[in-house]
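Visitor: Can you keep this structure in mind? I'll have questions shortly.
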Amino acid sequence: MSSEAGRRIVVTGATGNVGTSLVSLLAQDSEVGSVVGLARRIPDWSPARTQWTAVDLASEGTDLAGTFKGADAVVHLAWAFQPTHDPATTWRTNVLGSMRVFEAVAAAKVPALVHASSVGAYSPGPKEHAVDESWPTHGWPDAAYCREKAYLERALDSFEHEHPGVRVVRMRPAFLFKRESASEQRRIFGGRFLPGSLARPELLPFLPDIPGLRVQALHTDDAARAYRLAVHSQVRGAFNLASEPPVDARMLAGMLGARPVRLPRTAARSAIAAAWGLHLLPASPHLFDAVLRLPLMDCSRARRELRWQAGRTSQEVLEEFLQGMRQGAGADTAPLQGHKVG
């Protein structure tokens with residue numbers, strides 16, 4: 001489908017955390033002729049060679065196949081994290097909406113689908129060593145986010161069997177951060193009124209050290225580079241994406257000048273469950289359970305086949321993100337709108 005004018009790439013969830021980084025990258029890409037950004041609300045932001053289309057994936061009447069027609073690749077990033085108290089709503093957007101995307105890719109005869117999976121799709125695994133892409137992807141069933149990501153892995157298994165001519169890539173990134181996403185992520189996980197000033201070192205003399213809280217992070221721009229490489233290559237299958245080293249309480253305490261204090265899992269979970277039950281905290285205790293069980297990921301395949309590696313360390317990623325929290329950083333799209341509280 002490519003022409004002398006360059007490739008046509010469609011990006012769902014184009015105004016979100018990963019979407020804004022990827023659209024910015026593609027807009028500067030000499031191999032790309034046009035980018036079609038899909039989002040529920042069209043932004044004021046106008047990157048080069050990009051046109052916007054208002055789409056709600058939860059709506060059954062959306063003509064996605066017509067939008068995808070003539071595309072060289074669809075990059076599916078759209079995802080709703082809330083409302084965490086209403087999993088049926090996120091299921092309609094995330095699972096049923098994604099399946100509409102998959103069906104439209106096949107109907108429009110798009111040759112490549114690059115799907116945003118996640119470390120959250122993985123079954124519980126080790127914290128002492130990293131696992132590759134062959135690790136089971138059954139998620140943590142109590143957490144809606146993991147359950148939905150894992151279900152879509154099974155849906156893609158069926159899709160690939162039924163449509164072998166479509167090149168399917170599954171990206172499984174670690175937790176993604178950038179300065180411009182700080183306000184959005186604070187609202188999603190900490191609540192709209194959680195003060196960004198809490199990220200100031202002088203206000204955090206102690207930091208909870210919870211057994212099992214050892215995870216990986218990645219700068220969103222580094223993830224976007226991997227998506228771009230996948231669009232332009234002929235790779236298939238799953239790719240782990242993460243920075244080094246893993247993030248734990250000791251690293252965070254050192255960054256914030258705080259002292260790590262051991263806190264039992266049960267005590268931490270009880271506090272989160274109480275706050276979530278009172279609608280004071282958007283992040284559910286089920287997601288907390290999942291995070292404590294996520295495996296560490298080996299990114300060798302991405303380095304070998306995509307020629308990709310993270311450009312920033314985990315500490316650099318989190319330092320930038322924490323600065324963004326303190327400053328109420330954001331971007332000129334509805335999901336990433338900056339908002340400083342406290």
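Visitor: If one takes the longest principal axis of the Cα atoms in the chain, at what angle in degrees, from 0 to 90 and to the nearest 10, does the Cα axis of helix 144-162 lie?
Guide: Result, in degrees: 20.
Visitor: With only Lys, Arg, Asp and Glu charged, each at its Cβ (+1 for the first two, -1 for the last two), find how big the charge dipole of the chain is about the Cα centre; round to the nearest 20 debye.
Guide: 460
Visitor: Once you place label points 7 Å from the Cα toward the Cβ at Ala271 and Gln51, how far apart are they in nm?
Guide: With each label placed 7 Å out from Cα toward Cβ, I get 5.2 nm.
Visitor: Where nothing but the Cβ of Lys and Arg (+1) and of Asp and Glu (-1) is charged, how large is the charge dipole of the stretch 269-334 around its Cα centre, in debye to the nearest 20?
Guide: So the dipole magnitude of the stretch 269-334 works out to roughly 260 debye.
Visitor: Can you list residues whose amide H is under 5 Å from Asp209's amide H, if they're 5+ apart or on another chain and H is modeled 1.01 Å from N?
Guide: Val261, Arg262, Leu263
Visitor: Please return the longest stretch of the chain lacking exposed loop sites, where trypsin sites (Lys or Arg not before Pro) count only if DSSP places them in a loop and at most 11 other Cβ atoms lie within 10 Å.
Guide: Longest site-free region, per DSSP loop and neighbour criteria: 42-191.
Visitor: A follow-up question, please. Looking at the chain, send over the antiparallel percent of its DSSP beta bridges, to the nearest 5.
Guide: Given both bridge residues lie in the chain, the antiparallel proportion sits at roughly 5 percent.
Visitor: Between the stretch 126-151 and the stretch 269-317, what is the C-alpha centre distance in whole Å?
Guide: Answer, in whole Å: 11.
Visitor: Alpha carbon centre of the stretch 1-69 versus the stretch 92-123: separation in Å?
Guide: Going from one Cα centre to the other spans 15 Å.
Visitor: From the phi angles alone, apply the Karplus equation (6.51, -1.76, 1.60; θ = phi - 60°) to the stretch 236-244 and give each ³J(HN,Hα) in whole Hz, x where the residue is Gly or Pro.
Guide: Coupling constants for the stretch 236-244: 9, x, 9, 9, 6, 9, 6, 9, 10 Hz.
Visitor: A follow-up question, please. Where a ≥ b ≥ c are the square roots of the eigenvalues of the C-alpha gyration tensor, would you call the stretch 196-342 rounded, which needs a/c under 1.5, or, failing that, prolate if a/b is larger than b/c, or oblate?
Guide: The shape class here is prolate.
Visitor: In terms of the Cα gyration tensor, with a ≥ b ≥ c the square roots of its eigenvalues, is the stretch 56-175 rounded because a/c is under 1.5, prolate because a/b exceeds b/c, or oblate?
Guide: oblate
Visitor: Additional query: Tell me, in nm to one decimal, what length is gained between Lys69 and Gln82 on full extension, where the rule is 0.36 nm per residue of separation less the Cα-Cα distance?
Guide: 1.6 nm
Visitor: What are the ³J(HN,Hα) values, in whole Hz, obtained from phi via the Karplus relation 6.51 cos²θ - 1.76 cosθ + 1.60 with θ = phi - 60°, for each residue of the stretch 27-44 in sequence order, with x given for Gly and Pro?
Guide: Calculated HN-Hα couplings, in order: 5, 9, 8, 5, 7, 9, x, 7, 10, 10, x, 9, 7, 5, 10, 6, x, 7 Hz.
Visitor: Which residues does the label zone of Ala5 cover in the stretch 72-104, counting backbone N under 14 Å from a point 7 Å along Cα→Cβ?
Guide: Zone members listed by number: 72.
Visitor: Looking only at the stretch 15-173, where both bridge partners belong to it, what percent of the DSSP beta bridges are antiparallel (to the nearest 5)?
Guide: About 0 percent, rounded to the nearest 5.
Visitor: I'd like the Karplus ³J(HN,Hα) series for the stretch 165-172: coefficients 6.51, -1.76, 1.60, θ = phi - 60°, whole numbers in Hz, and an x wherever there's a Gly or Pro.
Guide: Those phi angles translate into x, 8, 7, 10, 10, 10, 8, 10 Hz.
Visitor: For the chain, what relative contact order do you get, as a whole percent, if you take Cα pairs closer than 8 Å and at least 6 residues apart?
Guide: 22
Visitor: How much length, in nm to one decimal, is gained on full extension between Arg293 and Ala27, taken as 0.36 nm per residue of separation minus their Cα-Cα distance?
Guide: Working it through step by step, the gained length comes to 92.0 nm.
Visitor: Using 0.36 nm per residue, how much length does the chain from Ser134 to His232 gain when fully extended, once their Cα-Cα distance is taken away?
Guide: Extra length from Ser134 to His232 when fully extended: 32.9 nm.
Visitor: Another question, if that's okay. Which residues make up the longest stretch of the chain that has no GluC sites (Glu not before Pro) in a DSSP loop with at most 15 other Cβ atoms within 10 Å?
Guide: The segment 129-342 is the longest one with no such site.
Visitor: Moving to a separate point now. Along the charge dipole of the chain, which of Pro264, Thr12, Ser243 sits closest to the positive end, that is, farthest toward it, with unit charges on the beta carbon of Lys, Arg, Asp and Glu (+1, +1, -1, -1)?
Guide: Pro264
Visitor: Specify whether the C-alpha gyration tensor of the chain places it in the rounded, prolate or oblate class, a ≥ b ≥ c being the square roots of the eigenvalues: rounded for a/c under 1.5, otherwise prolate if a/b is larger than b/c and oblate if not.
Guide: The shape class here is prolate.
Visitor: If one takes the longest principal axis of the Cα atoms in the chain, at what angle in degrees, from 0 to 90 and to the nearest 10, does the Cα axis of helix 97-107 lie?
Guide: 20
Visitor: A follow-up question, please. What angle do you read, to the nearest 10 degrees and between 0 and 90, between the alpha-carbon axis of helix 265-277 and the longest principal axis of the chain?
Guide: 70
Visitor: Rounded to the nearest 20 Debye, what is the dipole magnitude of the stretch 231-342 about its Cα centre when Lys and Arg each give +1 and Asp and Glu each give -1 at the C-beta?
Guide: Rounded to the nearest 20 debye, it is 280 debye.
We did not get these values from a lab; they are worked out from the coordinates using the rules stated. Only a predicted model underlies this, so the values are computations on that prediction, with no experimental measurement involved. Here Cβ is always computed from backbone atoms with ideal geometry, including for glycine, and neighbour counts include all displayed protein chains.
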